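K.L.:
What follows is a single structure, and I will ask about it in a moment.
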Amino acid sequence: MHYELKKVLFLKKQTTMNNKVNRHSRMLRAQSSRLIAIILFLMIGFVANSQQLQSYTDTNYNDDVQTVLLHPVGDSLAKPIIPLNDMMGKLHLQFDVFANDAPYMYYTFIHCNNDWTQQSDIQQIEYLNGFESDDIENYSFSLNTMVDYVHFDLVFPTEDMIPKISGNYLLIVFENELTPENIYFTRRFMIVDEKANFNVNIPRYPFDLSLGTNKQQINMTVSYPNIFNSLAEQYSNVTIQQNGRWDNAVTGLKPTYVYPDYLSYENNVKTVFNSGNQYRRINTSNLNNRPEQTKTVEMSKDYYIVTLYDDQKRNLYAYIDDEDLFGEKVIYLERDDRNAATEADYVMVEFFLDWFPVMTDQDVYIMGAITDWNLDEKNKMTYDYERKGYALNLLLKQGYYDYIYAVKERGQATADVGVVAGNFWETKNEYTIYLYLFDPTQNYDQLIGVKTVLSH
């Protein structure tokens, strides 16, 4: 029965591929509309004024888009950062769309300020060579999966669209025309023009012990060859990111001390982070054998259902040294002869956190690359009064996922992972430091240095 179902699905995809013969002609008809949309975009500042694009963040605007991956080519765990004017520096974008037919997907870039709060006050022609937007031509259909999807693949920059300055960029992927309702998702990426040298240290305790001993503080010095420190002090800004999180990132950091040859960012309370704990993990790369941390695997009429063992709080227990991926995810299948991009299925994973009583003024979320590091309604857990705990079901592509439970006060932007997981100074965290220098003559924030360090 299972084999027959797979056979039907395969034949269905073959029929869908035959429909692609008409795609080229339809694409040509769409080109004129797209050009009009681009002109309007440039004239009225669509992105900046859009009600639907409310922030310059990693956001999915269409429920059909799934599993967006953006990393440097060849390194699926690295941050989406590439060097300026390096032809070898490329980013690899992959994503799925739940559909039987491939939509016409396009992309464009906008340049943002150092803290991602607004679009840079410069024209697109000042930060981009080539076309204002381009199409994503490389796509393929899922093969022998219960859930049908179209997989898109793009390596950029291409010769048709080349960013010409460093800084923060927002990738916008849309269908057909650049209108609010056609935006599928946005993703952050950075281009760095390395001009700075870092010396970073994470001490055993914060400088101020009253802050607590289970925290991690980033101390560093930065030197700017060929750049006057007076200019650097006035126009520089530092961002510190813990793992892949943006909710607790430090932005707009100024130096604590200024020396003739370097700037010091030491003993600053703003660089003290809650340590948290190691991430939990799930592995669904092989559903034939019961995956790690999995209680049951069942097949419904629509997809596989993976039920995890109930998770327990860790805040009252001793720290356990366990390797993780700092909250990242990897899409793969255990069998090497299968292509995970198109042959990995989507499975419904059931999470449950054993917790009593219910939190009255706080919400619980599943955090990590598993949920694109977002704290939104899709990732918020619901309290199950009968089971006495928080529950959430997520439809995930087969692979390996880190995750952690984050608790957020209602009305606040920053979450606390220590409520459930605890805070331990031994926790291994990845910190990424971004150094920006505002150029008053060019009116944008340059990214002149990036440094990644591990705690302990």
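Values quoted throughout were computed directly from the atomic coordinates according to the rules given, and no laboratory measurement underlies them. Keep in mind the model is a prediction, meaning the values are calculated, not measured. Neighbour counts run over all protein chains shown; Cβ positions are idealised from the backbone, glycine included.
K.L.:
Explain nothing, just the number: relative contact order of the stretch 202-315, from Cα pairs under 8 Å at least 6 residues apart, as a whole percent. Could the numbers behind the result be given before it?
P.N.:
Details: 150 pairs, mean separation 23.2, N = 114.
Relative CO of the stretch 202-315 lands at 20 percent.
K.L.:
Limiting things to C-alpha atoms, what are the Rg and the maximum Cα-Cα separation (Dmax) for the stretch 171-267, in angstroms?
P.N.:
18.4, 56
K.L.:
May I pose another question? May I ask for the percentage of alpha-carbon pairs in the stretch 280-421 that lie more than 19 Å from each other? Kindly include the intermediate steps, with their values, before the conclusion.
P.N.:
Numbers: 5295 of 10011 pairs.
So the pairs more than 19 Å apart make up 53 percent of the total in the stretch 280-421.
K.L.:
State the answer as a single residue: which of Asn315, Ser210, Phe356 lies farthest towards the positive end of the charge dipole of the chain, with beta carbon charges of +1 for Lys and Arg and -1 for Asp and Glu, about the Cα centre.
P.N.:
Of Asn315, Ser210, Phe356, it is Phe356.
K.L.:
Another question, if that's okay. Counting other Cβ atoms within 10 Å of each Cβ, which GluC sites (Glu not before Pro) in the stretch 155-222 have at most 12 and sit in a DSSP loop? Walk me through the numbers on the way to the answer.
P.N.:
Values: sites: Glu159, Glu175, Glu177, Glu181, Glu194; in loops: Glu159, Glu177, Glu194.
For GluC sites (Glu not before Pro) across the stretch 155-222 that sit outside H, G, I, E and B with at most 12 neighbouring Cβ atoms in 10 Å, the list reads Glu159.
K.L.:
Work out, in µm²/s and without decimals, the Stokes-Einstein translational diffusion coefficient of the chain at 25 °C, 0.890 mPa s, Rh from Kirkwood over C-alpha pairs. Don't jump to the answer; show the numbers that get you there.
P.N.:
Details: Rh = 23.8 Å.
Rounded, D is 103 µm²/s.
K.L.:
Alpha carbon centre of the stretch 303-330 versus the stretch 231-290: separation in Å?
P.N.:
22 Å
K.L.:
Compute the convex hull volume of the Cα atoms of the stretch 270-326, divide it by the residue count, and report the result per residue in Å³ as a whole number.
P.N.:
On the way: hull volume 8.3 nm³, N = 57.
Convex hull of Cα atoms, per residue: 145 Å³.
K.L.:
Only four residue types carry charge here, +1 at the Cβ of Lys and Arg and -1 at the Cβ of Asp and Glu. Report the dipole size of the stretch 280-421 about the Cα centre in Debye, rounded to the nearest 20.
P.N.:
Dipole of the stretch 280-421, to the nearest 20 debye: 260 debye.
K.L.:
Separate question: Can you give me the relative contact order of the stretch 292-412 as a percent, contacts being Cα pairs under 8 Å and 6 or more apart? Show your work: numbers first, answer last.
P.N.:
Values: 220 pairs, mean separation 36.2, N = 121.
Dividing the mean separation by the residue count of the stretch 292-412 yields 30 percent.
K.L.:
What are the residues whose amide H is under 5 Å from the amide H of Tyr304, where those residues sit 5 or more places off or on another chain and H is modelled from the backbone?
P.N.:
Met348
K.L.:
Among Asn62, Pro83, Met105, pick out the residue whose Cα is farthest towards the positive end of the charge dipole of the stretch 56-134, where Lys and Arg carry +1 and Asp and Glu carry -1 on C-beta, about the Cα centre.
P.N.:
Pro83
K.L.:
State, as an integer percentage, the relative contact order of the stretch 61-212 based on alpha-carbon contacts under 8 Å between residues 6 or more apart.
P.N.:
RCO, the stretch 61-212: 27 percent.
K.L.:
If you place +1 on the Cβ of every Lys and Arg and -1 on the Cβ of every Asp and Glu, how big does the dipole about the Cα centre of the chain come out, in debye to the nearest 20? Don't skip to the end; give the middle numbers.
P.N.:
Working: 39 positive and 60 negative charges, 84 e Å.
Dipole size: approximately 400 debye.
K.L.:
Could I ask something else about it? Using a 10 Å cut-off around each Cβ, can you sort Thr296, Thr432, Thr414 from fewest to most neighbouring Cβ atoms? Don't skip to the end; give the middle numbers.
P.N.:
Details: Thr296 11, Thr432 19, Thr414 14.
Ranked by crowding around the Cβ, least crowded first: Thr296, Thr414, Thr432.
K.L.:
While we're on this one: Which ³J(HN,Hα) values in Hz, rounded to whole numbers, follow from the phi angles of the stretch 205-221 under the Karplus curve 6.51 cos²θ - 1.76 cosθ + 1.60, where θ = phi - 60° and Gly and Pro get x?
P.N.:
10, x, 4, 9, 5, 5, 6, x, 9, 9, 10, 10, 10, 9, 10, 7, 10
K.L.:
Per residue, how big is the convex hull of the stretch 88-195 when only Cα atoms are used? Give it in Å³. Present the calculation step by step, with values, prior to reporting the outcome.
P.N.:
Numbers: hull volume 14.2 nm³, N = 108.
Per-residue hull volume (Cα only) is 131 Å³.
K.L.:
Pop out the ³J(HN,Hα) list for the stretch 149-165 in order, Karplus 6.51 cos²θ - 1.76 cosθ + 1.60 with θ = phi - 60°, rounded to Hz; leave Gly and Pro as x.
P.N.:
Residue by residue, the stretch 149-165 yields 7, 10, 9, 10, 9, 9, 10, 9, x, 9, 5, 7, 9, 10, x, 10, 9 Hz.
K.L.:
Per the helix-only calculation at 222 nm, which mean residue ellipticity applies to the chain, given -39500 (n - 2.57) for every DSSP H run of n ≥ 4 and division by its residues, nearest 500 deg cm²/dmol? Please report the intermediate quantities before stating the final value.
P.N.:
Values: 7 runs with 62 residues, N = 456.
Helix contribution divided over all residues of the chain: -4000 deg cm²/dmol.
K.L.:
Sorted by mean Cβ packing within 10 Å, highest first, what order do the peptides 363-371, 390-398 take? Could you put the intermediate results ahead of the total?
P.N.:
Details: 363-371: 24.0, 390-398: 19.8.
Put in order of decreasing packing, that is 363-371, 390-398.
K.L.:
Ok, one more. Pop out the ³J(HN,Hα) list for the stretch 427-443 in order, Karplus 6.51 cos²θ - 1.76 cosθ + 1.60 with θ = phi - 60°, rounded to Hz; leave Gly and Pro as x.
P.N.:
4, 8, 10, 9, 10, 10, 10, 10, 10, 10, 9, 6, 9, x, 7, 9, 6
K.L.:
Where does each of Ser285, Ser76 land when they are ranked from fewest to most other beta-carbon atoms within 10 angstrom?
P.N.:
Working: Ser285 20, Ser76 17.
So the ranking, lowest neighbour count to highest, is Ser76, Ser285.
K.L.:
Here's another thing I want to ask about it. Convert 10 °C to kelvin, take the viscosity as 1.306 mPa s, use the Kirkwood radius over C-alpha pairs of the stretch 224-303 as Rh, and evaluate the Stokes-Einstein diffusion coefficient in µm²/s, rounded to a whole number.
P.N.:
Details: Rh = 17.3 Å.
In µm²/s, the coefficient is 92.
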